[in-house]
Every structure is written in C-alpha cells, then in structure tokens.
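Here the structure is laid out as structure tokens; the discussion comes afterwards.
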Amino acid sequence: MGTHHRDDCAENGGDDNGHLAKRPRPASCPISAAEIAEEFAHHDPSVARINNGSFGSCPASVLAAQLRWQRLFLRQPDEFYFHRLQPALLRSRILVKELINAADLDEVSLVDNATTAAAIVLQHASWAFSEGGFRKGDAVVMLHYAYGAVKKSIHAYVARAGGHIIEVPLPFPVSSNEEIVLEFRKALELGKANGRRVRLAVIDHVTSMPSVVIPVKELTRICREEGVDQVFVDAAHAIGSVEVDVQDIGADFYTSNLHKWFFCPPSVAFLYTKKCSASSRLHHPVVSHEYGNGLPLESAWIGTRDYSAQLVVPSMMDFIGRFEGGIEGIRKRNHEKVVEMGKMLADAWGTFLGSPPEMCCSMIMVGLPGCLGILSEKDALKLRSLLRKEFKVEVPIHYQLPKDGEVVEKDGSSTVTGYVRISHQVYNMEGDYHKLRDAVHKLVNDGFNCTMFPS
C-alpha cells in the first residue's frame, strides 16, 4: 500500500485537493544518448522512423506514468471519478496555461486532438450561420494546405449552414513569408466582395503537407485590420516545435496537439479560447453531464473513457526537464538537425528544399529526383509504401502539381513533383536519414519510376 501511494502522489504532482507541487528542477546532468535510447527502446529498431510529425512519440517514463493512472482508475473507479480525475486534469491545464502564456485558466481546455478542437470552433460557426448571427453567404477563409480533416470539417459544418468557403492558394515551393501574406490578402479581398463579410479565418501555424511555418501573428494582425470577426489557428504541429505565445499571436482560438511534438501519449490536445462573448458559447460536440458549465468542464467529462493521456502532462514536463535547455533546447536542436539532414539529402539527390530553413520547424520538405516520375497522390502513397515495406523507411511523400508551363513526361523528367517530409525528434540518428538517402539512390540507379506500379 505504501509503495502504491508514493507512485500515485509522485505522478499527481501535488496533493489530492489539486494543489500543484513545485516542479522538480532539471537534472544537473542532462540526459545521455543511452538514456534517450532506453526511453524509446519500444520503437521498432529496424525502421528509420523519420515521421514524428504524423503520430509523435512517447518516452517509456511517460508511458509508465500513464499506466499508473489507468490502473488507479481500474482499482477503484468511483473514488477516481469523484476525487482524483478533476484535480489531476486541473494540474495539466495549469501547466498548459503556463506553457502557452494564456491570460486565464478558463481559456484552456483539454481535448482529444486538434481535429476535435476544430469541430468545437466550427460547430460554433455553424450555429452562427444557422441562427442568424452570421449572414448566409458570408465567408470563411482557410489555407489551401489546411489539414484534410479540418478542410472537410469546414465544409461539413460551415458550408452546410450557408457559409461561403474561400481557400488561400499558397505557393510551394515557397521562398518567403511575403508570398504567403500576398495570397492571404487577396483571399480576404475576395471574401469581402459583393458585400460579404469574412466571419472566420482558419490559419495553420505549421501546415502538415507540405510542411511550412506560417506567419500566424502577421496574418492575425491583417485579419484584425480587415475586420475579420474571428481567427482560429490550427496549430496541430506547433507546441514543442515552434514557440507558442497565444497572447502575442492574438487569435481568438488556438489548438495544438501535445502528442506530436510534446511527448504525451496519444491523444491529447489543448484548445485555447480567448475570453470574449463568443468563447462562452462554445460547446463540446459530445454532450454529457457538464454541458453548460463552460468548455473546460464540458471537455473534462465526456463520459466513461480513458483520460490518462490528459493526466500525464506533469510527467511529460519532468521528461523534458532532463534535457539541456528544456523544450527550447529540444526545439533548437531538432530544427538545426532537420535542416542539416534536409540539405544533405537535397545535395545527394541533386534537388532542393521546399522552403528556406527559417520557414521550417522540426520538419522540412526535400525534393525527390524527378526521374522517379511521381505524377499523382496515388503515386506518392505507393512510393511511401514501397519505402516502408522494402527499405524499412517511414516518411510521408507530398505530390506537388507542376507549375504552369512545366511539362512532366510519363517516363520521367527532371521536374521535381515529389517531396519527402522529414522530421527530427530526440531519438533520431543520422543513420535514419542515410537509410532514406540510400534507398532513393537504389531506386534511381535501378531505373525505377512510378509507372512501374501496378495500376
């Protein structure tokens, strides 16, 4: 009994009344390479895992903390529900509030993922169109490279309720923030045509595919100048890979996953809702007993389920504290290494990066040799599967339509139409990227191109 109690209190990071204990100071001796390898020993050692961006990664010490929470619930569910769950969720929210510099704890809710957060915001917009708060035909602006599930949510919630959807056509490859700002301004002007108003702008902080860091602070400022009612930043990849200061960014709503670049187990995200009249009308799409008590409480109980991923934020902070420089140091080293490896691959393949280094975070786009003949999204997916099955390399591939005037022959061309999105996280080694480099070299030397895939 004594051992169980010690584990429980250590994981809780405080007492049973929800009071935060002082966070332990970072270790005087930073985590070693051997200790990092041990923390991620559950990864398949045969696979070059350079796709942290899709599903993230969780160290063994945080997984162990999650298991303790799960067993604590199973040991005595009623006691857990009535006395432990809400104080533990509160501790996690307090830590997230500090991480993102929110002004008030009531602005921070924990949800499953950024897709759930988007549903909460877009459901509210849908109600505004349906109930007359927004005029039917008014516009919602989103980036062309918005995450696919979010784009579908915008159409499912907003277009169905009478909103007019406008996509911002972003250039790729991209060379400067100015290119993005120019296209965004054009989209806002289009949104205001024919007497319309732009009611909501949905802006990515880091686009998924292709991966580019978007100047969200500047785009939010432009939205304010142009009279856009609300700004929602979908920052699924942001926290842990770029600096996040929600007060500085100035958006109304901001969400990011904690399981992608912040070492939590899947799945947990936060939704920041700036205190305003609109935020009080937000509701979780799963209605349960806390409906009407504010979004943080609604999100904290959506029925019987496993809440453990939301409870291990203190343990995740302990893990990060073992690294020199904390999360800032991790971000800096990941960025520097992914740029280094991206340049190595581009030089080896005779291609180029999809954006300058300052427009990437812990992911970067690298052009594949044009002779691979990637002519469609299906080709990109088949090539990704080939790299996984034959070469044990896990990396996403983006198909980019040729620019106007570019002609791509079916038997291969020097025109780059495919890009790998490589990630770097603390567990990655240079050999992972060499494995990808050599796999592509072998395909090129063997005369492979995507026309050889069975139709």
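The values are calculated or read from the model by the stated rules, or taken from the named source; none is laboratory data. Worth saying up front: this structure is predicted, and the values here are computed from it rather than measured. Note: ideal-geometry Cβ built from the backbone for every residue, glycine included; neighbour counts use all protein chains shown. We work out accessible area using only protein heavy atoms, side chains counted, and drop any ligands, DNA or RNA first. Shrake-Rupley method; radii C 1.70, N 1.55, O 1.52, S 1.80 Å.
According to a simple spin-label model (label point 7 Å from Cα along Cα-to-Cβ), what is the distance in nm between LYS152 and LEU67?
So the two model labels end up 3.4 nm from each other.
Specify which residue in the list GLN230, ALA64, SER130 is farthest towards the positive end of the charge dipole of the chain, using unit charges on the beta carbon of Lys, Arg (+1) and Asp, Glu (-1), about the Cα centre.
Sorting the options by dipole projection puts first SER130.
Could you work out the Kirkwood radius for the stretch 239-359, taking every pair of different alpha carbons, averaging 1/r and inverting it, reported in Å?
One decimal place: 17.4 Å for the Kirkwood radius.
Rounded to the nearest 0.05, what FRET efficiency do GLU167 and LYS378 give with R0 = 25 Å and r taken as the Cβ-Cβ distance? Could you check?
The calculated FRET efficiency here is 0.65.
What is the spin-label model distance, in nm, from PHE82 to ARG135 if the labels are put 7 Å beyond Cα along the C-beta direction?
5.5
Given Cβ point charges of +1 (Lys, Arg) and -1 (Asp, Glu) and nothing else, what value in debye, to the nearest 20, does the dipole of the stretch 184-267 about its Cα centre take?
In total the dipole reaches around 340 debye.
Sequence-distant or interchain residues sharing an amide H contact under 5 Å with ILE50, placed H: which?
Residues meeting the criterion, in which the H sits 1.01 Å from N, are GLU394.
Quick check: the distance between the Cα centres of the stretch 344-404 and the stretch 215-229, to the nearest angstrom?
Spelled out, the Cα-based centre of one part sits 32 Å from the other.
Could you tell me what % of all Cα pairs in the stretch 44-167 have separations over 19 Å?
68
Computed FRET efficiency, Cβ-Cβ of SER46 and LEU74, R0 30 Å: what is it to the nearest 0.05?
0.35
Put HIS259, HIS83, HIS155 in order of accessible area, largest first, 1.4 Å probe: what do you get?
Solvent-accessible surface, decreasing: HIS83, HIS155, HIS259.
Among LEU282, ILE249, HIS335, which residue has its Cα positioned farthest towards the positive end of the charge dipole of the chain, with +1 placed on the Cβ of Lys and Arg, -1 on the Cβ of Asp and Glu, and the dipole taken about the Cα centre?
Of the options given, the answer is LEU282.
Given contacts defined as C-alpha pairs under 8 Å and at least six residues apart, what's the relative contact order of the chain, whole-number percent?
It rounds to 20 percent for the chain.
Over the stretch 188-274, what portion of Cα pair distances is larger than 23 Å, expressed as a whole percent?
The proportion of pairs with Cα distances above 23 Å equals 26 percent.
From the phi of every residue in the stretch 91-107, what ³J(HN,Hα) in whole Hz does the Karplus formula 6.51 cos²θ - 1.76 cosθ + 1.60 yield, where θ is phi - 60° and glycine or proline is x?
Result, ordered by residue: 4, 5, 5, 4, 5, 5, 3, 5, 4, 9, 6, 6, 7, 9, 4, 5, 7 Hz.
Compute the length gained on full extension between ASN293 and ARG224: take 0.36 nm times their separation in residues and subtract their Cα-Cα distance, giving the result in nm to one decimal.
Value of the extension gain: 21.9 nm.
Per the Kirkwood definition applied to all pairs of different Cα atoms, how many angstroms is the hydrodynamic radius of the stretch 66-129?
Every distinct Cα pair counted, the radius reaches 14.0 Å.
Rank these residues by their accessible area, most exposed first, probe 1.4 Å: ARG185, ARG71.
ARG71, ARG185
With a 10 Å radius around each residue's Cβ, average the other Cβ atoms per peptide and rank 365-376, 227-238, highest first.
Order by mean packing, descending: 227-238, 365-376.
Across bins of 10 angstrom width beginning at 0, how are the C-alpha pair distances of the stretch 312-389 distributed, in whole percent?
17, 31, 29, 18, 5
Relative contact order for the stretch 231-368 using alpha-carbon pairs under 8 Å, separation at least 6, rounded to a whole percent?
17
So what's Rg/Rh here for the stretch 162-212, counting alpha carbon atoms and using the Kirkwood radius for Rh?
Rounded to two decimals, Rg/Rh equals 1.00.
Would you please state the base-10 log of I(q)/I(0) at q = 0.11, 0.12, 0.17 1/Å for the stretch 308-455, with intensities from the Debye formula using one equal scatterer on every alpha carbon?
After summing over all Cα pairs, the log10 values are -0.48, -0.56, -0.95.
Output ³J(HN,Hα) for the stretch 428-442: one whole-Hz value per residue in order, computed from phi by the Karplus curve 6.51 cos²θ - 1.76 cosθ + 1.60 with θ = phi - 60°, and x for Gly and Pro.
My calculation for the stretch 428-442 gives 6, 10, 4, x, 4, 7, 5, 4, 5, 4, 5, 5, 5, 4, 5 Hz in order.
Using only Cα atoms, what Kirkwood radius does the chain have, in angstroms?
Result for the chain stands at 23.4 Å.
Just want to confirm a number: the relative contact order over the stretch 142-230, from Cα pairs under 8 angstrom separated by 6+ residues, in percent.
It rounds to 32 percent for the stretch 142-230.
Any idea what % of Cα-Cα pairs in the stretch 284-351 are farther than 19 Å?
More than 19 Å apart: 63 percent of the Cα pairs in the stretch 284-351.
Which order do the peptides 197-207, 127-137 take when ranked by the mean count of other beta-carbon atoms within 10 Å per residue, highest first?
197-207, 127-137
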